[in-house]
Amino acid sequence: MAGQAGQERRTDASVASGPLAGIKVVELGSMYAAPTAGRMLRDFGADVVKIEDPASGDFARQWQPAHNGLAIGYSRLNSGKRSVGIDMRSPEGREVAKALIADADVVIENFRPGRMEAWGLGFKELSAEHPRLVMTRVSGFGQTGPYSARPGFGTVAETASGYAFLNGWPDTPPTAPPFGFADSIAGISAAFGTSMALFKREMTGQGSQVDVALYEPLMFILGDAVLNYTSSGTIMQRHGNASGAASPRGIYEAADGRWLSIAASNQSIALRLFEAMGRPELKDDGRFATNTARMANNEAMQQIVIDWVRSYPRDEALAILDEHEVVAAAVNDAKDVTQDPHFRERTLVELANTVLGPALMPGPILHMDDYTGPTYDGVAAIGEHTREVLVDQLGMDADEVGRLAAAGVLSN
């Protein structure tokens with residue numbers, strides 16, 4: 001068996017009660033966006049079979065950071081999936097993949113547009129044989145349009161969408177995030193689209209093609225910038241930690257050198273903040289009485305908040321803000337997050353039985369009152385489930401699987 005050694009894991013019976021229980025997903029995805037979609041579906045009960053190259057696997061297995069040889073990002077997105085090693089460059093491998101797809105409800109893929117069609121695995125070809133199939137396709141610029149053939153990663157999506165231009169301070173260069181931001185949003189959007197397509201299928205009996213471009217969900221989030229320009233001709237600029245829409249808002253340093261955020265983004269919160277700071281007279285000060293006035297005098301408004309936060313240790317300032325129901329929070333690092341009782345109760349889950357040791361990571365992105373969520377037990381080695389899926393599930397001849405494995409077409 002190629003790749004990182006698998007560890008013995010228990011069957012995850014918890015997903016049997018999920019809303020997507022019984023849905024079979026074939027994931028032809030690598031890196032971040034498509035695997036994120038696969039994880040979202042698996043989180044809510046789907047059985048996800050991940051097709052990987054039998055020798056090298058998903059390239060995300062090689063990403064940093066890693067611990068004891070296991071990539072952190074790969075582990076987070078792929079725990080609970082079954083790995084089947086298939087060389088998609090081989091005609092025989094594609095035939096095996098086609099057999100897997102014939103048994104599936106959903107295919108997720110993130111090849112450059114046209115690749116699946118060149119392999120005879122495009123939506124038109126597959127849906128002709130399997131009209132109930134949902135095919136979710138994630139690519140840099142989408143399946144249509146002048147840029148559809150271009151390659152694209154998250155960094156390109158973050159710049160092309162307008163995000164990087166708006167991110168940062170007025171006197172700093174446009175800034176991309178240090179994590180898979182566009183990929184993650186696109187993956188979540190792809191899972192949403194897949195769920196809608198499955199719902200439609202229940203109504204009509206017909207599958208659908210879901211087309212997600214990496215940049216589009218991010219551009220939706222940034223939509224005010226586009227609407228602002230096309231309506232007024234104004235190009236929104238970088239504001240640092242300010243929003244450019246409401247004041248006061250930002251990240252502030254407390255007396256002990258720790259940081260907190262305050263978002264007085266509506267009038268009632270701003271008035272409560274004035275009370276919390278012991279400055280009720282600001283309510284009647286013409287410079288600060290309304291959001292329009294505060295935005296016009298934002299520098300003076302911010303300085304008042306800066307000075308007040310600097311006069312207290314962070315925990316004390318947060319306690320005062322909480323007492324006055326002002327929207328505020330600590331600026332947490334990863335250690336803060338994992339030690340916070342709220343996050344430990346509601347959000348963080350254990351990734352068990354891996355070389356990472358006892359480890360926590362964020363669980364499902366939403367909660368349903370009749371579903372407790374999955375467990376995350378082990379990370380499959382490359383092709384760990386090839387024989388289990390192909391022989392036991394599809395009924396392929398074991399000798400034929402062995403022959404293809406010996407030829408390098410499959411993992412064994």
Q. Under the condition of being free of Cβ contacts under 8 Å to residues at least 40 places away in the same chain and not small (Gly, Ala, Ser), which residue from the stretch 21-52 is surrounded by the most Cβ atoms within 10 Å (Cβ to Cβ)?
A. 48
Q. Quick check, is residue 257 at positive phi, out of contact with any Cys (no Cβ under 7 Å at 6 or more places or on another chain) and surrounded by fewer than 17 Cβ atoms within 10 Å (Cβ to Cβ)?
A. yes
Q: Test residue 365 against the criterion of being in contact (Cβ under 8 Å) with a residue 40 or more places away in the chain and closer than 15 Å to residue 54 by Cβ, and give yes or no.
A: no
Q) Would you say residue 220 is surrounded by 16 or more Cβ atoms within 10 Å (Cβ to Cβ), out of contact with any strand residue (DSSP E or B) (no Cβ under 9 Å at 6 or more places or on another chain) and among the aromatic types (Phe, Trp, Tyr)? A) no
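Which ones in the stretch 63-87 are aliphatic (A, V, I, L, M) and out of contact with any strand residue (DSSP E or B) (no Cβ under 7 Å at 6 or more places or on another chain)?
Within the stretch 63-87, 66, 70, 71, 77 meet the criteria.
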Q) Within the stretch 293-304, restricting attention to residues that are part of a helix (DSSP H, G or I) and touching a Phe, Trp or Tyr at 6+ places or on another chain (Cβ under 9 Å), which residue is surrounded by the fewest Cβ atoms within 10 Å (Cβ to Cβ)? A) 300
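Bear in mind these aren't lab numbers, they're just calculated from the coordinates by the rules spelled out. In this text the structure is predicted, and so the values were computed from the model without any measurement. For neighbour counting, all protein chains shown are included, and Cβ atoms are generated from backbone atoms with ideal geometry for every residue, glycine included.
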